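Just so you know, all these numbers are worked out from the coordinates, no wet-lab data involved. Just so it is clear, the model here is predicted, and its values are computed rather than measured. Here the Cβ positions follow ideal geometry from the backbone for every residue, glycine too, while neighbour counts run over all protein chains shown.
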Amino acid sequence: MGSVRPSRAPHAPPEAGAAGTKRIMNADTPLPTRCWAEIDLAALERNLKHIRAALPEDIRYVAVVKADAYGHGLHPTVARLMHSGADMFAVANIAEAAAVREIGPGWPILVLGPLLPEEMRFVLEYEVIATVSSLAEVQRLDTLGGRAGKPINVHLKIDTGMGRAGVWHTEAAGLYRAILAARHVRLRGIFTHFSSADSDPAFTEHQRQLFLDVLTDLGVFSRTDLMIHADNSAGLESFAPESPFNAVRVGLLQFGILPYENSLLARVEPEPVFSFHTRVGLVKTVPPGTGISYGRTFVTRRPTRLAVLTAGYGDGIPRCCGNRAQVLIRGRACPVLGRVTMDQTIVDVTDAPDVEVGDEVVLVGRQGDAEISIARFSRWADTIPWETLTSITKRVPRIYRTGLGL
């Protein structure tokens with residue numbers, strides 16, 4: 001886990017010595033940081049508050065914090081979300097649920113993914129809510145609850161067209177009845193997942209209507225004890241205040257990232273929580289005709305001043321960013337040349353003659369008046385922000401900026 005430290009000037013590289021960074025043996029001076037990510041916890045809190053303000057008051061906020069809180073760091077992120085008013089946490093598996101439970105008691109934790117049979121006993125140990133998609137899962141949990149003499153809370157997942165977890169919508173009634181008949185299983189919620197909310201509004205509306213039809217047939221709207229949820233960050237685009245759903249699951253948006261461009265969710269005015277930084281390790285000039293990096297995928301046409309950055313794909317800069325991406329140095333955009341290598345990336349600073357060794361480089365984030373959004377970085381990498389965030393590697397320390405989320 002990274003360190004927690006107060007906000008600082010945007011261009012000053014962070015000192016080393018954060019928790020998780022290495023120190024020289026028997027020395028008081030820690031190693032400098034070559035590549036790091038900054039996480040603005042105050043912005044995270046403000047985002048949660050703005051999202052809640054845009055929703056009806058009685059909607060429950062389920063904070064999705066799977067995959068190490070989308071690469072932001074589970075412990076600091078969850079602790080701040082607890083402080084900020086999240087109602088429930090959602091994770092991918094039982095190991096993540098156990099980690100959230102260690103942070104604080106009392107908050108409901110929903111495990112979104114299917115549980116392996118040998119994992120099920122930990123549902124009781126960590127007091128978490130299991131997702132069920134099949135009769136076999138219900139039966140195993142019922143047996144487990146009977147042996148322990150305790151009921152096990154579950155949410156029923158309905159597949160409305162994604163083809164992943166969840167009981168197929170035409171078979172949902174049978175599984176619903178099986179849950180109600182189980183003596184040691186308690187139904188606490190029902191949900192579905194929109195597979196294309198960021199790209200196909202028509203199909204999302206089709207999924208929403210299928211889900212509503214199933215819920216109507218089950219007669220669950222008369223029950224006030226059930227959480228009914230379908231909308232992820234992208235799904236909030238079409239969330240209606242009069243919706244019978246009483247909860248939303250928010251992942252990407254709480255981290256200040258719109259699920260797609262030109263989204264109406266921009267009215268929430270989310271602030272970026274994550275930024276990605278490295279430094280200039282070497283500056284040199286090469287003549288015309290120099291092949292840059294492995295494979296000589298870029299050949300210089302003029303005397304070219306190069307800056308060699310102290311980060312590469314071993315830190316989370318995708319290899320395919322070569323000859324496509326840009327970085328910010330001293331507030332100016334500098335193009336990446338040649339292939340990104342494991343530990344270093346080469347950029348053209350010919351038009352930025354004041355660049356020096358040790359300068360901070362922004363890969364994602366703002367520097368001066370210039371900004372590289374994570375969406376833009378992800379396009380250069382031929383991927384999506386979700387993958388970008390979760391691909392920043394363990395050797396990149398997370399530096400946590402604190403402050404009041406007012």
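To the nearest ten degrees, helix 41-53 and the longest principal axis of the Cα atoms of the chain are 40 degrees apart. For segment 195-237, the spread of Cα coordinates along the three principal axes comes to 33, 18, 13 Å, biggest extent given first. Under 5 Å between amide hydrogens, built in the peptide plane, is the criterion, and for R60 it picks out A247, V248 among residues at least 5 positions away or on other chains. Taking 0.36 nm per residue of separation and subtracting the Cα-Cα distance, full extension of the segment from F203 to S243 would add 12.6 nm. The lysines whose alpha-carbon is closer than 25 Å to the alpha-carbon of K49, local same-chain residues fewer than 8 away aside, are K66. Amide H contacts of G166: none lie under 5 Å away among residues 5 or more positions distant or on a separate chain (H built 1.01 Å from N in the peptide plane; Pro and chain starts excluded). Once you divide the Cα radius of gyration of segment 274-402 by 2.2 N^0.38 Å, the number left is 1.00. Residue separation of R121 and R147 scaled by 0.36 nm, minus their Cα-Cα distance, works out to 8.3 nm of gained length.
Extending 7 Å from Cα along the Cβ direction at A165 and again at A53 yields two label points whose distance is 3.3 nm. Think of the chain as a dipole: +1 on every Lys or Arg Cβ, -1 on every Asp or Glu Cβ, centred on the Cα centre; then among L389, P288, G166, P288 lies furthest on the positive end.
With a Förster radius of 41 Å applied to the C-beta separation of T402 and R302, the computed FRET efficiency comes to 0.35. Near F89, once Lys and Arg are set to +1 and Asp and Glu to -1 for all other residues with Cβ below 11 Å from its Cβ, the sum equals +1. Take the Cα of V357, step 7 Å toward its Cβ, do the same at L31, and the gap between the two points is 1.8 nm. The aspartates and glutamates within cross-link reach of K157, meaning a Cα-to-Cα straight distance under 20 Å and a gap of 8 or more places when in the same chain, are D87, E96, E119, E127, E137, D142, E171, E205, D213, D217, D225, D231. Going 7 Å from the Cα of R177 in the Cα-to-Cβ direction, what parts of segment 198-232 have a backbone nitrogen less than 17 Å from that spot? Counting only backbone N, you get 214-220.
Put a dot 7 Å past the Cα of R379, heading toward its Cβ, do the same for T224, and the two dots end up 4.9 nm apart. With the gyration tensor restricted to C-alpha atoms of the chain, the semi-axes of the equivalent ellipsoid amount to 45, 23, 19 Å, longest first.
Here the residues Y294, Y313, Y70, Y126, ranked from fewest to most Cβ neighbours within 10 Å of their Cβ, fall in the order Y294, Y126, Y313, Y70.
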